[in-house]
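The values are calculated or read from the model by the stated rules, or taken from the named source; none is laboratory data. Please read all numbers here as calculations on a predicted model, not as lab measurements. In this analysis, Cβ positions are derived from the backbone assuming ideal geometry, glycine residues included, and neighbour counts consider all displayed protein chains. For the accessible areas, the whole protein counts, side chains as well, though only heavy atoms, and no ligand, DNA or RNA atoms are used. Shrake-Rupley method; radii C 1.70, N 1.55, O 1.52, S 1.80 Å.
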Amino acid sequence: MKSTINITMGLSEWLLIILLSVLWGAAFFMGKVAVAELPPFTIVFGRTVLGAAILNGLVIASGQRLPRQPKIWGAFLVTGLLNNIIPFSLIFWSQIRIGSGLSSILNTTTPLWTVVLAHFLTRDEKMTAARLGGVLFGLFGAVVLIGPEALFGLGLNVIAQLAVLCAALSYAFAGIYGRRFQDAPPLVTAAGSITCSAFVAM
């Protein structure tokens, strides 16, 4: 069944985005806490395995099924690498060296990378002044919300900061690559990609 995408956002969509932003933002703080006790790649393994278990359970509970075609699983694998394994590993590794506030600010460059990459890699997502302005305004808003003092470490531990930027770039590639799944059930796509991620993390 072909999925439909709303081009306008109602109250429920805004509430879901707010919830997502809270959960995503909190993940950086929790990651900083976790790397104080565990190696980064152990955290990646735990996060992907737990996610795979939950999402596969939801797929079963909803009466859906994961596909069997090798080609689709190959696409799931690529998505899992770009959206989970690569960024998770880079971010957790970097958080040993930089603060969670700075890493979350650097990660908010994902939309900027996406706008730039989509301009060159897609036919229908070309860069416009409005899009670029919106992304830059969003980056500024993230700095304000998190606190400008988080930027005080900018320029120190440059390799770690570049790692987070590479993670954001990987997320951007994942978003563009994921366009091929626009007609597939989102839950199945998420479960398939995180399952592949869990196997890679092993």
Solvent-accessible area per residue, Å², over the chain with all protein chains present [probe radius 1.4 Å]
60 Å²
The chain: relative contact order in percent, alpha carbon pairs under 8 Å with at least 6 residues between
39 percent
Signed unit charges on C-beta, dipole axis of the chain, positive-most listed residue V49, T109, G134
V49
According to the square roots a ≥ b ≥ c of the eigenvalues of the Cα gyration tensor, what is the shape class of the range 1-105, taking rounded for a/c under 1.5, prolate for a/b larger than b/c otherwise, and oblate for the remainder?
oblate
Full extension from M30 to T122: what is 0.36 nm times the residue separation minus their Cα-Cα distance, to one decimal in nm?
29.6 nm
Less than 13 Å Cβ to Cβ from G99, Lys/Arg counted +1 and Asp/Glu -1: what total charge do the surrounding residues give?
+1
Pull out a ≥ b ≥ c, the square roots of the eigenvalues of the alpha-carbon gyration tensor of the chain, then state rounded if a/c is under 1.5, prolate if not and a/b is larger than b/c, and oblate in the remaining case.
oblate
Let me have the relative contact order for the range 101-186, percent, based on Cα pairs under 8 Å that are six or more residues apart.
47 percent
Return the FRET efficiency for the residue pair L38, Y177: r is the Cβ-Cβ distance, R0 is 41 Å, and the value is rounded to the nearest 0.05.
0.90
Carbon plus sulfur, as percent of the 1.4 Å-probe accessible area of the chain, comes to 73 percent
Decide, for the range 85-202, between rounded, prolate and oblate: order the square roots of the alpha carbon gyration tensor eigenvalues as a ≥ b ≥ c, take rounded if a/c falls under 1.5, and otherwise choose prolate if a/b is larger than b/c, else oblate.
oblate
What helix-only [θ] at 222 nm does the chain give? Using -39500 (n - 2.57) per DSSP H run of at least 4, over all residues, to the nearest 500, the answer is -23000 deg cm²/dmol
